[in-house]
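Single-structure report; data block below.
The values are calculated or read from the model by the stated rules, or taken from the named source; none is laboratory data. Everything quoted here is computed from the prediction, not taken from an experiment. With ideal geometry, Cβ positions are generated from the backbone for all residues, glycine too; neighbour counts draw on all protein chains shown. To get the accessible areas, we keep the full protein, side chains included, count just its heavy atoms, and leave off ligands, DNA and RNA. Shrake-Rupley method; radii C 1.70, N 1.55, O 1.52, S 1.80 Å.
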Amino acid sequence: MAGGAVVSTGAGKDYPGKLTLFVFFTCVVAATGGLIFGYDIGISGGVTSMDPFLKKFFPEVYRKKQMADKNNQYCKYDNQLLQTFTSSLYLAALVSSFFAATVTRVLGRKWSMFAGGLTFLIGAALNGAAENVAMLIVGRILLGVGVGFANQEMNGMQSVPVYLSEMAPARLRGMLNIGFQLMITIGILAAELINYGTAKIKAGWGWRVSLALAAVPAAIITLGSLFLPDTPNSLIDRGHPEAAERMLRRIRGSDVDVSEEYADLVAASEESKLVQHPWRNILRRKYRAQLTMAICIPFFQQLTGINVIMFYAPVLFDTLGFKSDASLMSAVITGLVNVFATLVSIFTVDRLGRRKLFLQGGAQMVVCQVVVGTLIAVKFGTSGIGDIPKGYAAVVVLFICMYVAGFAWSWGPLGWLVPSEIFPLEIRPAGQSINVSVNMLFTFVIAQAFLTMLCHMKFGLFYFFAGWVVIMTVFIALFLPETKNVPIEEMVLVWKSHWFWRRFIGDQDVHVGANHVSNNNKLQP
C-alpha cells in the first residue's frame, strides 16, 4: 500500500548529545503541567457520581439516579448543567490560552506557567468551598484559565509538548515528550484514588476534599516553573544568542560539540523572522501536510471516545449497573491500566516508531469498543432497563481496560507528540495554536455532549466511536510518515519523501541546515 511506506530519513542529521541530568530534571518539571490536566479530567467524573454532591448541587439528577433501577439507565445522568460543570474548564482553557500568549511573549514561559499555577490554586480553593452551582462553575473556569496558562501558551512560545520536543535529543524525543502524557495519566489515577477514598467519608463532604486537592499539582507546577529554563530555540527567538548557546551546551553535555546544531538553530530562527504573517503563511501549499495534521490529529484524538472513560468513568460504570463503590473502583482499575500502558509507549516509541503504535492501538480500540457496545446491548437493549451480574461486569471492565491500554500507548501520547515535532520554526506558534485550539474545542464538545449522547444513542454510542477510530486509523496508515529520530529542523525531508505530501513541496522549499537558508518563506504584505 502506498501510504504504508516508511520514509527513509537518512538524510537527516544526528546531532551529538546525551540525556543529561539537567535535561531529565527540566523535562520532568515541565511535564508536571500534565498533572493539572490529568487531575481535572479524573476528578469530575468521580465527584459527579457522589450522592452528597448531587443532592447539594444537582437534586434532579440525584432523584433520577435513585429511580434508575426502574427507569432508563442510559439517561439518569443526562443534565446539561451537570455536563457544563465538567466542560466549562476546557472552554476556559481554550479562551485563556490566547491571552496567555502575550504573557509568554513578554515575560517568557516560566512566568506564564507560574501565573497558571497561581490561578489554578484560586480555582481549587473556590471549588472546595463551593456553596452553589455558580461557585462551582466559576471555580472550574479559573481552573481552565490555569490550564490555559500552564500548558497551552498559544501564539507565544510553545506548549509543554513542544517545549519537551525542543529540549530533548532527537533520538530520545519521543520518550521524553511522552512524559507529559504520563503525568496526565498519573493525575487521572491520583484523582480516581482520591475519589475512591473521599466517597467513604460518611459526613458527606468528601467531594470538597477531592476538588480542593487540585491545589497540590497546581503548587508543584507553580514552584517548579520558577526553576524552569527557556529552550535554546526560545532564547534565540527572543534575542539572547549567547544565553541560547550556553543553554544548548548545558542540555547536550559540556563535553559535546554543539556548534553545528547551534548554527542550524540560528539559521532556522533567522529564516522564521522572514515570515511576516505566520498565520497566513501556514495556509500556503508547502505547509499543507503540517496544517492537515494540526487539525486532524487532535480532532481524531477526542473522537476516540477516550474522554467518555476518563471524564465520566465512575458515572459510566454506575450507569452500567455497578454500585457506587464498585464504579469508583472500576475507574481506579482503568486508571492503573492507563499509567502502565503509557509506560509501554515511553519505552517503545523511539524504537518501534509512531506509525506502528498508532496502527496497532487503533485496531485494538476498535475491537474493544465493538465488544463493549455489544455486551451492553445484550443486557440493556434499547430500553436501558436491566442488570449486570458480577462475572459479566468483570468482562465489561476487562474490555474497557484493553481499550484504555490501546489508547494509552497510541493516540494518547502520540496525539501530543506528533503535532509537537512536525512544525518548522517559522510556523510553529501558529501550528501549535491550531493544534491546541482543536484539542480543547473538541474536548469541550465531548464533555458537554456525552451524557446526552449516551441517553439518545444508548449502546450505539460505542459503535459510533469505533467507526471514528476506523477512519482515523486508515488516515494514519495513508498520510502520516514516520517521524522518529528526525531532528525537528529537518522534518521537511520526511514530508518531501512521502508518497502523497511530496506533491505539495517544491525542491526550493527544502532548505535545512545553516548553509541552506532560503528567502522563499518571505510573504509579501
- Item | Of the criteria (1) more than 30 Å from Met50 (Cβ to Cβ); (2) over 18 Å from the mean Cα position of the chain (by Cα); (3) buried (at least 21 other Cβ atoms within 10 Å of the Cβ); (4) among the small types (Gly, Ala, Ser), which one Ala294 fails | (2)
- What are the pairs, 6+ residues apart or on separate chains, where a residue within the range 129-151 that is among the aromatic types (Phe, Trp, Tyr) has its Cβ under 9 Å from a residue that is part of a helix (DSSP H, G or I) and open to solvent by 50 Å² or more (accessible area, probe 1.4 Å)? Phe149/Phe99; Phe149/Phe114; Phe149/Leu118
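State all residues of the range 239-276 that are among the aliphatic types (A, V, I, L, M) and either modelled with pLDDT under 80 or surrounded by fewer than 21 Cβ atoms within 10 Å (Cβ to Cβ) (or both); if no residue qualifies, say none.
Residues of the range 239-276 among the aliphatic types (A, V, I, L, M): 243-244, 247-248, 251, 256, 258, 263, 265-268, 274-275.
Within the range 239-276, Ala243, Ile251, Val256, Val258, Ala263, Leu265, Val266, Ala267, Ala268, Leu274, Val275 meet the criteria.
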- Could you count how many residues in the range 156-183 are among the aliphatic types (A, V, I, L, M), modelled with pLDDT of 75 or more and open to solvent by 10 Å² or more (accessible area, probe 1.4 Å)? 5
- Query: Would you pick out the residues in the range 482-502 that are touching a helix residue (DSSP H, G or I) at 6+ places or on another chain (Cβ under 9 Å) and in a helix (DSSP H, G or I)?
  - Reply: Ile488, Glu489, Glu490, Val492, Val494, Trp495, Lys496, Trp501, Arg502
- Task: Kindly indicate the residue of the range 97-113 that is open to solvent by 10 Å² or more (accessible area, probe 1.4 Å) and in contact with a helix residue (DSSP H, G or I) (Cβ under 6 Å, 6 or more places away or on another chain) and also modelled with the lowest pLDDT among those meeting that condition.
- Result: Lys110
- of a type in the set (Asp, Glu), surrounded by fewer than 23 Cβ atoms within 10 Å (Cβ to Cβ), assigned to a helix (DSSP H, G or I) and under 20 Å from the mean Cα position of the chain (by Cα), is that true of Asp325? no
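Can you tell me which residues in the range 222-238 are assigned to a helix (DSSP H, G or I) and open to solvent by 30 Å² or more (accessible area, probe 1.4 Å)?
Within the range 222-238, the first condition is being assigned to a helix (DSSP H, G or I), and the residues that meet it are 222-225, 232-237.
Hits for the range 222-238 are Leu223, Asp237.
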- Of residues in the range 431-484 being under 23 Å from Gly146 (Cβ atoms) and among the small types (Gly, Ala, Ser), the one surrounded by the most Cβ atoms within 10 Å (Cβ to Cβ): Ala447
- Message: Tell me whether the range 389-396 contains one or more residues that are farther than 21 Å from Ile476 by Cα and in contact (Cβ under 8 Å) with a residue 24 or more places away in the chain.
- Response: yes
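Kindly provide the set of residues from the range 207-221 that are under 19 Å from Ala130 (Cα atoms) and surrounded by 21 or more Cβ atoms within 10 Å (Cβ to Cβ), ordered by number. If you could, list the steps in order and put the result at the bottom.
First, pick out the residues of the range 207-221 that are under 19 Å from Ala130 (Cα atoms): 207-216, 218.
The answer is Trp207, Ser210, Leu211, Ala214, Ala218.
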- In the range 438-488, anything closer than 19 Å to Leu375 by Cα and of a type in the set (Phe, Trp, Tyr) is listed as Phe459, Phe462, Tyr463, Phe464, Phe465
- Message: Go through the range 328-347 and report how many residues are more than 14 Å from Glu192 (Cβ to Cβ) and open to solvent by less than 40 Å² (accessible area, probe 1.4 Å).
- Response: 4
- Task: Filter the range 49-72 for residues that are crowded, with 24+ Cβ neighbours inside 10 Å and at pLDDT 90 or above and give the result.
- Result: Phe53
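Which of the residues spanning the range 390-420 are under 24 Å from Arg173 (Cα atoms) and of a type outside the set (Gly, Ala, Ser)?
Val404, Phe407, Trp409, Trp411, Pro413, Leu414, Trp416, Leu417, Val418, Pro419
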- Note on the structure: Subset of the range 364-422, residues open to solvent by 20 Å² or more (accessible area, probe 1.4 Å) and closer than 28 Å to Cys296 by Cα, comes to Gln364, Val366, Val367, Val370, Val371, Phe399, Met402, Trp409
- Query: Assuming Ala31 fulfils every condition listed in (1) touching a Leu at 6+ places or on another chain (Cβ under 8 Å); (2) over 29 Å from Leu176 (Cβ atoms); (3) modelled with pLDDT under 75 apart from one, which condition is it?
  - Reply: (2)
